[in-house]
Amino acid sequence: MYVCSCFGITEQQVREHAESGACTPRQIASASKAGTDCGSCVRRIQALLGRGAGCPRRAVLDQLGPDGATAALAAEQPVAPASLSTAEAA
């Protein structure tokens, strides 16, 4: 059955990407484009992935709880360099 009509991605394809290590809808989108056009399939993709099922990173974040998971995710985000003022740029 199709999950993403925009790109013709099936449930089986989503499961295969998940077995290959994709743990989130964003990772599925990177692998297949599913969820990147109209977005109507994102909830279905989330349901297929389940909560923490088969994803070690997600299971760890779930164990940390909301505050710990937020802190852990924030620590992984790259920090953009501070913009230079015009005096520094010259």
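Only the coordinates and a few stated rules stand behind these numbers; no lab work does. Bear in mind the structure is a predicted one, so any value in this text is a computation, not a measurement. Every residue, glycine among them, receives a Cβ derived from its backbone with ideal geometry; neighbour counts consider all protein chains shown.
Here are the numbers:
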{"quantity": "Spacing of the two label points (7 Å from each Cα toward its C-beta) at residue 38 and residue 20, in nm", "calculated": "2.5 nm"}
{"quantity": "Rounded, prolate or oblate (a/c below 1.5 giving rounded, otherwise prolate when a/b exceeds b/c) for region 1-55 by Cα gyration tensor", "calculated": "prolate"}
{"quantity": "Rough spin-label spacing in nm, given labels placed 7 Å along Cα→Cβ, for residue 47 and residue 6", "calculated": "1.9 nm"}
